[in-house]
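One structure below.
The values are calculated or read from the model by the stated rules, or taken from the named source; none is laboratory data. A quick note: this is a predicted structure, and the numbers were derived from the prediction, not measured. Here Cβ is always computed from backbone atoms with ideal geometry, including for glycine, and neighbour counts include all displayed protein chains. What goes into the accessible areas is simple: the full protein's heavy atoms, side chains included, and nothing from ligands, DNA or RNA. Shrake-Rupley method; radii C 1.70, N 1.55, O 1.52, S 1.80 Å.
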Amino acid sequence: NGVKQNMNADLSSSKRQYADTTRYQVLHSLFSRTLSNGEIRPRPWLVFSKSKGTVFCAPRKMFGKSGSLANDEGYNDWKNAGQRMKEHEISDDHRSARATLLARKNVVPFDKSLVFQTEEEIKYWHEVLRRIVAVVRSLSARGLPFRGSQERFGSRNSGNYVMALELLAEFDPFLDTHIKRHGNKGCGTTSYLSSRICEEIINIMAEKVISTIVTEIKHAKYFSISVDSTPDISHLDQLSFIVRYVSAEGCPVERFIRFIPNCGHKAEDLANVVLDTLKNHDLDIANSRGQSYDNASNMSVVYSGLQARIKQVNPLVVFVPCSAHSLYLVGSCAAECCEAAISFFGTLQELYNFFSVSTDGKFCYLN
């Protein structure tokens, strides 16, 4: 692996002070030699000892050779050092010691074989992850579901994730071999094909996307926020958090940040959620210039609604009511004026309530 020459260390310890004279210190030029054609070559075998202030020939010192450059004290006759180095490097003992050192260097030790094996193992799993990440990215970008009723390779009931890996394996011998060797082995076996690894990759990608969006928002500096809550298919109420800003190209951009479950419907709770979300993403509410919600009382009330509480923190955040919700309110008020419409929509609501709370999978018949 070579030796540490200490040529850039403090060389002042090589200076010798005597009663009647001072012997000069070693020069950096001693660590290289000039050939007859003017070419400069380094002397990698020459080592400076900081503790003794002398120089040694590393190969001859290592293999027990004698001489002034290999004894315990080292060499420090700096006045004649140049000529001494020329004589030394053409000597048979020096050449023999260097040849022995090079032979030792070229031997492949056991630990080097382990390093090579480890590097090959890392390379193998990198190739596996590269293919899995490509499948996860493609499905996520298109909003396609991942899971099926049975997550097993070779099953016709598997989801899009397994199906995409099987399709890719038909044209990729590497992935085909990996699936045959590691697929369907269950927990406790490293394969990177499980749903747990897939979900971890999705979370890593999501964090990267959010980080990129937050970076763009900080670059734009000013932004507006828009939040609204709605129940999902499992009747879990979720608050969607959206940020709007102007990109570096001058185009308005609207980005979804996250869903926030079970945050409550009170204006105070919503305000705390909005402020905490901005704080968690290191976004300053002082840079916000707009807010847009529906016309519900907990959102739009002038004195105690969400928009009023946000204005208490930053008066520059202008409230813009949602035009779609305003149009919905107009249609709702118009329908409430008609008894037939009230009866019709009331019946639809009752049907929805009836079927949504039904726990069995059988068909329900109404008379």
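Give the residue, chosen from Y222, Y192, that is hydroxyl-bearing (S, T, Y), at positive phi and open to solvent by 50 Å² or more (accessible area, probe 1.4 Å). From the options Y222, Y192, the qualifying one is Y192. Screening S300, S343, S304, S323 for residues that are modelled with pLDDT under 90, open to solvent by 80 Å² or more (accessible area, probe 1.4 Å) and of a type outside the set (A, V, I, L, M) leaves exactly one candidate, S323.
Residues checked against (1) open to solvent by less than 90 Å² (accessible area, probe 1.4 Å); (2) more than 42 Å from the chain's Cα centre (by Cα); (3) touching a residue at least 12 places away in the same chain (Cβ under 8 Å):
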residue: M62; (1), (2), (3): no, yes, yes
residue: N76; (1), (2), (3): yes, yes, yes
residue: K79; (1), (2), (3): no, yes, yes
residue: D92; (1), (2), (3): no, yes, no
residue: A97; (1), (2), (3): yes, yes, yes
residue: K105; (1), (2), (3): no, no, yes
residue: E119; (1), (2), (3): no, no, no
residue: V128; (1), (2), (3): yes, no, yes
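Residue-wise test of (1) in contact with a Leu (Cβ under 8 Å, 6 or more places away or on another chain); (2) modelled with pLDDT of 85 or more.
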| residue | (1), (2) |
| --- | --- |
| R16 | no, no |
| D20 | no, no |
| I40 | no, yes |
| F63 | yes, no |
| S68 | no, no |
| N71 | no, no |
| Y75 | yes, no |
| W78 | yes, no |
| E89 | no, no |
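Per the listing D276, D284, D269, D294, the residue uniquely among the charged types (D, E, K, R), out of contact with any Gly (no Cβ under 7 Å at 6 or more places or on another chain) and farther than 21 Å from T230 by Cβ is D284. Among all residues of the range 183-196, there is at least one that is under 28 Å from F256 (Cα atoms) and not in a loop (DSSP other than H, G, I, E, B). Filter the range 197-230 for residues that are assigned to a helix (DSSP H, G or I) and hydroxyl-bearing (S, T, Y); which is farthest from K279 (Cα to Cα)? This residue is T212.
Select, from R289, R309, the only residue that is touching a residue at least 12 places away in the same chain (Cβ under 8 Å), part of a strand (DSSP E or B) and open to solvent by 20 Å² or more (accessible area, probe 1.4 Å). Just a single option satisfies the conditions, and that option is R289.
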